[in-house]
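Here the structure is laid out as structure tokens; the discussion comes afterwards.
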Amino acid sequence: MDIMLVSVSISFLLVLLGVSWLYWGLRERKISRRREKFFLENGGRLMLQKILSEHEGSIESARIFTDEELKKATDHYHESRILGRGGHGTVYRGILADNTVVAIKKAKILDRSQVEEFINELIILSQINHRNVVKLIGCCFETEVPLLVYEFVTNGTLSDHIHKCGHESTLSWRARLRIAGETAGALSYLHSDASAQILHRDIKSTNILLDENYTAKVADFGASRLVPLDGTQLTTLVQGTLGYLDPEYLRSSQLTEKSDVYSFGVVLAELLTGLRALSFERAENERNLSLYFASAIKGGRLFEIINPMVLNEGNPEEIMKVAMLANQCLTVKGEDRPTMKEVAMELEGLMRVMDRHPWLNRSSDLEEAEHFLGERSSKCDGILRSNASGNDDSIRNQVPFEIESGR
């Protein structure tokens with residue numbers, strides 16, 4: 001009886017093991033087929049062939065990750081690994097098997113255009129090799145929406161550092177000028193020196209990352225465009241962020257390199273003033289920074305809106321040169337704006353002067369600068385109030401929402 005019971009138990013266990021093995025085998029096969037389906041749907045093989053054939057030997061190839069590798073790297077996309085969330089997805093901090101720390105961009109599951117945006121970013125970044133552009137490490141096509149893996153940039157965004165809430169930014173004037181120069185150099189490279197001209201299309205302070213040495217890294221190329229070699233004008237659905245969006249592009253839908261120049265001009269104005277590009281908490285004539293900045297220059301009130309730290313550390317001539325450069329970038333007509341190469345050269349020249357004459361940065365004209373300084377507001381984005389009347393232009397003449405067309 002005991003022998004029979006043992007035999008039955010063993011037989012039952014063997015059957016159970018067999019069924020379990022069959023179940024897990026079928027499950028793994030189903031998962032594998034699902035991954036293969038996503039890989040093919042997302043254009044994985046075609047994408048790899050395209051990248052390898054076009055760029056073999058010219059740049060380091062992007063690494064292809066498996067879904068399982070990235071799940072392990074992010075502890076199955078645990079909440080504690082989230083670096084940031086956006087309208088289109090989430091960025092996670094990942095640790096690869098070799099202990100390399102990376103940033104993994106995982107999109108929300110929306111529609112086919114989301115996949116196309118990620119593939120577009122992959123194609124763009126696979127053609128870029130510049131110290132001031134965030135480095136693409138690899139990608140994964142085995143998920144419903146492709147995943148992109150980047151170098152991990154440790155010090156947050158430029159926006160984080162110039163719009164710190166509740167206390168003054170510690171980003172020095174010299175650091176601001178250097179970051180501006182590095183960003184301009186990266187954009188100049190994209191426009192003039194990359195294998196094909198690349199228009200970023202969404203330059204803003206949140207898309208400029210800073211590493212542990214406060215070196216600038218331009219990021220987020222999902223909206224970027226390659227310019228046809230024949231120089232054909234790009235007519236696109238308007239895409240960008242309100243406050244940084246080129247008004248000429250907004251009106252005509254004609255995308256040119258001067259659209260990036262305008263957006264960079266807004267970033268320069270942010271660095272100078274400490275104000276956000278757009279804020280409905282400010283007075284009506286101050287809400288749009290580009291209009292407010294241009295109005296202050298025109299009315300001779302520039303130093304009333306300059307950030308106190310910038311006034312403290314820079315000298316008026318230096319500040320005025322950067323302000324006038326920003327103002328040129330913000331010219332309404334694109335043809336009147338400088339090129340990014342010209343902007344980068346101007347900023348590089350200013351940095352060389354600072355290196356040769358460091359004593360100039362302890363401004364002997366500090367009293368003159370302080371004479372222009374208006375009262376500080378207690379508001380978060382460091383608004384400097386003045387009694388002078390502003391430009392009659394208001395934000396009502398702008399589009400009152402973030403442009404998301406085409407995403």
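The values are calculated or read from the model by the stated rules, or taken from the named source; none is laboratory data. These figures come from a predicted structure and were not determined experimentally. We place every Cβ from the backbone using ideal geometry, glycine too, and count neighbours over all the protein chains shown.
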message: Quick check on the range 48-89: of everything there that is at pLDDT 90 or above and loosely packed, with under 12 Cβ neighbours inside 10 Å, which residue is nearest to Glu142 (Cα to Cα)?
response: His76
- request: Kindly indicate whether any position in the range 90-98 is under 20 Å from Lys217 (Cβ atoms), in a loop (DSSP other than H, G, I, E, B) and either at pLDDT 80 or above or not aliphatic (A, V, I, L, M) (or both).
  value: yes
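Picking from Lys217, Lys204, which residue would you name as being at pLDDT 95 or above and closer than 23 Å to Lys108 by Cβ?
Lys204
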Among (1) of a type in the set (A, V, I, L, M, F, W, C); (2) within 26 Å of Ser205 (Cβ to Cβ); (3) at pLDDT below 90 - the single one Ala103 does not satisfy: (3)
- prompt: So which residues in the range 289-314 are among the small types (Gly, Ala, Ser) and either buried (at least 24 other Cβ atoms within 10 Å of the Cβ) or touching a residue at least 24 places away in the same chain (Cβ under 8 Å) (or both), if there are any at all?
  reply: Ser290, Ala294, Ser295, Ala296, Gly299, Gly314
- request: Count, please, the residues in the range 152-184 that happen to be surrounded by fewer than 18 Cβ atoms within 10 Å (Cβ to Cβ) and acidic (Asp, Glu).
  value: 2
